[in-house]
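J.: Just dropping this structure here.
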Amino acid sequence: MGQENSKFDKASVSIKPDSALQRPRAADVEAMMIVALGRVGKKARKSMLMADREMNLFARPKRRSAWFALGLLVCLAAPADLAVADSFRKGAAAYERHDYMRASAIFFDLAVAGDARAQTYLGYMYEYGKGVPQNFVVSAGWYRCASQQGFASAQYFLGLMYDKGRGVPQDYVLAYALLNLAVAGAGRERDHWVIVRDAVNSKLSLAERSQAQQLAFQGVPQQPCLPIVTGY
């Protein structure tokens, strides 16, 4: 990871192309941890709806058919898949009741096994020191693990990191490419993410914009998944 391991802090959000991006409110990001990372029952959906009324940023199923499809997949899942789903629900429930140490322990086991939702949860928890020591480099690593699996929320957060060069080399081209991928996979949060992507876009030359769009089309180059490699 080289230069990427030097330092890390969270990039931010802006609606003005030339201004510094502002960090999303913690309540908004926590709402996405519930919504974009998985459905965890009635209590979680209630929390999501409350946050969604404020900012309307985060995705939820738009049709009853989506819930039916999810239920069908659960019914057809192998026992191992059901065990993973159960563990994730327990981790999300622990996070909701602010039992962060318990949540981080559950998510760690899932994240090492490759669960992109758990990896993104851990990225957020390491970023803000919830249940684990605050560590921006590890946070970035977990976001990268999930991002490389095509998880839109992780692509969004990692793109913001590259925009500010916190923990990774500042790279507007790569930031735009990741945000472009995130927007493509976004749900109800799409309109907000478009604003952020376009703010980064305003920093690019025409040639850089073309390069970034081609990079998003071809796929951002894969890098080692930091936390798994180092044992974090």
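J.: Below 13 angstrom from the Cβ of V84, what's the summed charge of the other residues (Lys, Arg +1; Asp, Glu -1)? Let's see the in-between values first.
T.: On the way: positive: R89, K90, R117; negative: D81, D86, D109, D115.
Neighbourhood net charge equals -1.
J.: List V132, V84 from most exposed to least, where exposure is judged by having the fewest other Cβ atoms within 10 Å.
T.: V84, V132
Each reported figure results from applying straightforward, stated rules to the coordinates on display, with no laboratory input. The structure displayed is predicted, hence computed values, not measured ones. FYI the Cβ positions are ideal-geometry reconstructions off the backbone, even for glycines, and counts take in every protein chain you see.
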